[in-house]
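Enquirer: Right, I'll just put the structure down here and ask away after.
The values are calculated or read from the model by the stated rules, or taken from the named source; none is laboratory data. Since the structure is predicted, the reported quantities are computational estimates derived from the model, not experimental observations. Note that we place each Cβ from the backbone using ideal geometry, even for glycine, and neighbour counts take in every protein chain shown. Heads up: the accessible areas ignore ligands, DNA and RNA and are worked out on the full protein's heavy atoms, side chains in. Shrake-Rupley method; radii C 1.70, N 1.55, O 1.52, S 1.80 Å.
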Amino acid sequence: MRFIKNRRTLITGASFLFFLLLPLIASALGDAYLVTLFTRILIYALAAVSLDLILGYGGMNSLGHTAFFGTGAYVVGILAFHIQEETLFLSWPIELSGSSNAILVWLLAVLFSAFMSGLIGALSLRTTGIQFIMITLAFAQMLYYLFVSLEAYGGDDGISLWARNKLPIFDTADDTSFYYLCLGFLVIFVFLSYRLVHSHFGRVIRGAKQNLQRMQSLGFPIYRYQLVCFIIAGAGAGLAGALMANQSEFVSPGLLHWTHSGEMMIMVLLGGMGTLIGPILGATALLLLEEFLSVYTEHWMAFLGPFLIIVVLFAKRGLYGLLTGKEVNDE
Amino acid sequence: MMSNTLLKVRQLQKSFGAVEACCNINLEINKGEIHALIGPNGAGKTTLIQQLAGQMLPDSGSIEFDGQDITRLPAHKRALLGLARSFQITSIFGQMSAEENIALAVQAHMGHSFRFWRPANKNKKLQPTIETALEKCGLLERRHIVADNLSHGEKRQLEAGMALAVTPKLLMLDEPMAGMGPGSAVKMTELIQSIKGNTSILLVEHDMHAVFNLADRITVLVYGKPIATGTPEEISHNQDVRSAYLGEGDN
Ligand SMILES: Nc1ncnc2c1ncn2[C@@H]1O[C@H](COP(=O)(O)OP(=O)(O)O)[C@@H](O)[C@H]1O
Ligand SMILES: [Mg+2]
């Protein structure tokens, strides 16, 4: 017991230290691209942790998580678009312009993603099992096609941003600063999630994953709890999406494609479902593998596939489980 | 005058296709009594409990609990009214410790759980109730064991422990002793005896020794129909029951 706990602390601490020092490593190696790559990793890690809240802790197998990631990204994209075009976002009933104010835009991205996940969750959570997977998938695809058809916002081609959203004092245009900003958001989100899963609310969510019927017969109106969890996860994904739009200075409907949900799901499975550090490891491993394999072959997925299957089959808790010793329970 | 009846089931009817699992069931459970429900496999005992607890809706008929019509009330609301059940097929939270299983049962009755910040396992308010329940179901020493790793008997104790943790008004136990060794069955009998009084109990059980020891009244269900209700004495002498169920010549 003691040993496992120490190994967990060790891995958490080592990961944090690694991410903290990465820009220094990159500059020592003279490889600035590393910072960009790891910024993406941090952002996907944030999305994957949020997905794990519903997938690993809540047992809600959503294949539509990217809908909220995409929503967050498009809030940034659309508001930037109107600044760039010098047009109004809304002219009636009130006049609203675009914005490049990071605090305002990101807050809107989070709120709007939460709102969307409230809508989609309220309907999807009336179902369970395979139906739930299909309906979340269907909603995400609907949004995907919606944005494909929105010619005003570039349709298929998406929107290119001229610059990142701006913060007071902090220089978001600087890649290293932006990296640390993303790291900060990830750390905060993981900490909040840690409190969440150990709280009374978290216990209810974990209970619902393990035995829905029993939860109801104990007296829990479980739908409400699942919905709130779904919204929290959607808000997290929305923040990740907003950061992603800023990192790449580009948004497109591809962000909402269901394969993108699949990738997030793979990150969670690969890293370790029902753990908070696992999805971070999973995002890191998947994106690094993708990066290096795609140098050698276009068909990197064909090589990645078997690797994923092996990890998921042999390590119940993914990479995190392998590193900490297998049978860790939800924590 | 206050009514002495806690649960009133009238004309309850439930079919699965051609199978009439419950036909025209009338049943009354008094406050404080242990009411045993016996009958052969497939008689409809579990189906009745499912409808009483709200996991399943009846085709027709009504259920009144503590003066309130609950026929169509969702399961979680019935639980909060004081109607608790245990399951014939063990239904626990496998990856949680025995203590956390009980804690969930207690937490359900302590107001809403939209509490996101403080660690649940440090909540001092739940602790006394949890410990009492753990002690009652005999798992105090095994509290930190993950439920999946408990023995079969212990899982059954936990199953019952979750149902009685919050002192329900009516506790429905669906074959609590199924698959238990003799030692554990005796413990379960003692447990049921000890909670009698404040809590009424609907006991479904095949162990006739336990049933005749514990029950104040017994209802015999055959093919979805109650064929007799009475004290253990009356039931053991009832000719219909003897031929239909207990087996002529036994006892
Ligand atoms: N969900 C169900 N679907 C179809 N038939 C069922 C279902 N549940 C129970 N039954 C049938 O109803 C009858 C009563 O079953 P049950 O209530 O489990 O009996 P008991 O608990 O007395 O052994 C049986 O014939 C059983 O096959
Ligand atoms: Mg049964």
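Enquirer: Can you name every residue in segment B:79-91 that is more than 7 Å from every other protein chain (Cβ to nearest Cβ), in a loop (DSSP other than H, G, I, E, B) and either basic (Lys, Arg) or in contact (Cβ under 8 Å) with a residue 60 or more places away in the chain (or both)?
Expert: B:Gly82, B:Ser86, B:Phe87, B:Gln88, B:Thr90
Enquirer: Collect the residues in segment B:143-179 that are buried (at least 19 other Cβ atoms within 10 Å of the Cβ) and in a loop (DSSP other than H, G, I, E, B), keeping them in residue-number order.
Expert: B:Leu150, B:Ala165, B:Val166, B:Pro168, B:Glu175, B:Pro176, B:Met177
Enquirer: Same structure, new question: If only one of B:Gly42, B:Gly32 is part of a loop (DSSP other than H, G, I, E, B) and within 16 Å of ligand 2 (Cβ to nearest atom), which one is it?
Expert: Result of the check over B:Gly42, B:Gly32: B:Gly42.
Enquirer: Within segment B:129-188, how many residues turn out to be within 16 Å of ligand 1 (Cβ to nearest atom) and in contact with a strand residue (DSSP E or B) (Cβ under 8 Å, 6 or more places away or on another chain)?
Expert: 5
Enquirer: Would you check which residues across segment B:98-110 are facing another protein chain (nearest Cβ under 9 Å) and either open to solvent by 10 Å² or more (accessible area, probe 1.4 Å) or not in a helix (DSSP H, G or I) (or both) and list them?
Expert: Within segment B:98-110, B:Glu100, B:Ala108, B:His109, B:Met110 qualify.
Enquirer: Counting just the residues of segment A:207-225 that are in a helix (DSSP H, G or I) and open to solvent by less than 20 Å² (accessible area, probe 1.4 Å), which one comes out farthest from the other protein chains (Cβ to nearest Cβ)?
Expert: Checked segment A:207-225; the qualifying residue farthest from the other protein chains (Cβ to nearest Cβ) is A:Ala208.
Enquirer: From the list A:Phe201, A:Phe230, A:Phe170, pick out the single residue that is free of Cβ contacts under 8 Å to residues at least 60 places away in the same chain and crowded, with 22+ Cβ neighbours inside 10 Å.
Expert: Answer to the selection: A:Phe201.
Enquirer: Here's another thing I want to ask about it. Determine, yes or no, whether A:Phe16 is hydrophobic (A, V, I, L, M, F, W, C), assigned to a helix (DSSP H, G or I), surrounded by fewer than 20 Cβ atoms within 10 Å (Cβ to Cβ) and in contact (Cβ under 8 Å) with a residue 40 or more places away in the chain.
Expert: In short, yes.
Enquirer: Can you tell me which of B:Ser151, B:Ser113 is more than 9 Å from chain A (Cβ to nearest Cβ), without any contact (Cβ under 8 Å) to a residue 12 or more places away in the chain and more than 19 Å from B:Gln50 (Cβ to Cβ)?
Expert: Result of the check over B:Ser151, B:Ser113: B:Ser151.
Enquirer: Sticking with this one: Kindly provide the set of residues from segment A:16-58 that are polar (S, T, N, Q), within 22 Å of the chain's Cα centre (by Cα) and farther than 30 Å from A:Arg224 by Cβ, ordered by number.
Expert: Correct list: A:Thr36, A:Thr39.
Enquirer: Another question, then. Given the criteria in contact (Cβ under 8 Å) with a residue 60 or more places away in the chain, within 14 Å of another protein chain (Cβ to nearest Cβ), within 16 Å of ligand 2 (Cβ to nearest atom) and in a loop (DSSP other than H, G, I, E, B), does B:Gln55 qualify?
Expert: When the stated conditions are applied, B:Gln55 does not pass them.
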